[in-house]
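These notes concern the structure reproduced below.
Derivation of every value follows stated rules applied to the coordinates shown; laboratory data play no part. What you see is a predicted model, and the numbers here were worked out from it, not measured in a lab. Ideal geometry is used to build each Cβ from the backbone, glycine not excepted, and the neighbour counts take in all protein chains shown.
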Amino acid sequence: MGRLFVVSLWFQIIWFLAVLGQDRFQWLTLGLGLVTLGYAAYSSRDDIGRILALGVGGIALDSFNSAIGLLVFKSAHVPVWLAALWLVFVWYARQWVPHLSKYPKGLVMLFVGVCGALSYWAGYKFSAVEFSLPVVGSLVVLTVQWAGVAWLIMRVFVNDYSVSNKNPDTASSRQR
């Protein structure tokens, strides 16, 4: 559990840097994001492609939300700091998958959906994003979307643990 604390602390530092620093610190946020991805590529080569693919999917989701006016940023597109944050988030979520996979998927999806929406609400409070809909309506849409994000992340990563935990040879080969 000590590793999860460190990983969570790292993610929260980047989240605060991204949301509070926004454009002022976007290049630092991007740099820390690239360091995180470099670490992910080194420590879990099998996962880096999926982390990148899901991160790009998250950026696409927020681009869609921006295009339809649900999310309104100061720039015309998804900011660099948010793109970096998506990549770091997927790496962070990957660390939690083996622990969350012990719980019913519906409960995990609800929890992540609410927490994901609350993250955007915090961004709203820190003036990192605006909502075009009333706040409650925006949060409902984001909760549903983030429940879907949780489902997708669990779908992509949970099978690794169910297979590797049953076969010690597979588990040891993953850690090399």
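For a quick check: with amide H placed at 1.01 Å from N, whose amide H comes under 5 Å from residue 129's, ignoring anything fewer than 5 positions away on the same chain?
Those lying under 5 Å, H to H, from residue 129 are 124.
Run the quick spin-label model on residue 77 and residue 12: label points 7 Å from Cα toward the beta carbon, then report their separation in nm to one decimal.
Result for the modelled spin labels: 3.3 nm.
Dimensions of the chain along principal axes (Cα, Å, largest first)?
Over the chain, Cα extents along the principal axes are 51, 34, 27 Å.
How large is ³J(HN,Hα), in whole Hz, for each residue of the stretch 71-84 in order, when computed from phi with the Karplus curve 6.51 cos²θ - 1.76 cosθ + 1.60 and θ = phi - 60°, using x for Gly and Pro?
10, 10, 9, 5, 9, 6, 9, 4, x, 4, 4, 6, 4, 4
Rounded, prolate or oblate for the stretch 12-55? Axes are the square roots of the Cα gyration tensor eigenvalues, ordered a ≥ b ≥ c, and the cut-off for rounded is a/c under 1.5. Walk me through the numbers on the way to the answer.
Numbers: a/c = 2.82, a/b = 2.35, b/c = 1.20.
Verdict is prolate for the stretch 12-55.
Per DSSP helix of 4 or more residues, -39500 (n - 2.57); summed, then divided by the residues of the chain. What does that give at 222 nm, rounded to the nearest 500? The partial results should precede the final answer.
Values: 7 runs with 140 residues, N = 176.
When only DSSP H runs of four or more count, the value is -27500 deg cm²/dmol.
Which ³J(HN,Hα) values in Hz, rounded to whole numbers, follow from the phi angles of the stretch 119-130 under the Karplus curve 6.51 cos²θ - 1.76 cosθ + 1.60, where θ = phi - 60° and Gly and Pro get x?
5, 5, 4, 4, x, 4, 5, 8, 6, 8, 8, 10
What nm distance separates the two modelled labels at residue 52 and residue 118, each placed 7 Å from Cα along Cα→Cβ?
3.4 nm
Provide the per-residue ³J(HN,Hα) series for the stretch 94-111, in order, calculated from phi with Karplus coefficients 6.51, -1.76, 1.60 and θ = phi - 60°, each as a whole number of Hz, with x at glycine and proline positions.
Karplus-based 3J(HN,Hα) across the stretch 94-111 equals 4, 5, 8, 3, x, 7, 6, 5, 7, 9, x, 4, x, 5, 4, 4, 5, 4 Hz.
Quick one: helix 26-43 against the long Cα principal axis of the chain, what's the angle to the nearest 10°, folded into 0 to 90?
10 degrees
Any idea how far apart residue 41 and residue 152 come out in nm if each label point goes 7 Å out from Cα toward Cβ?
2.2 nm
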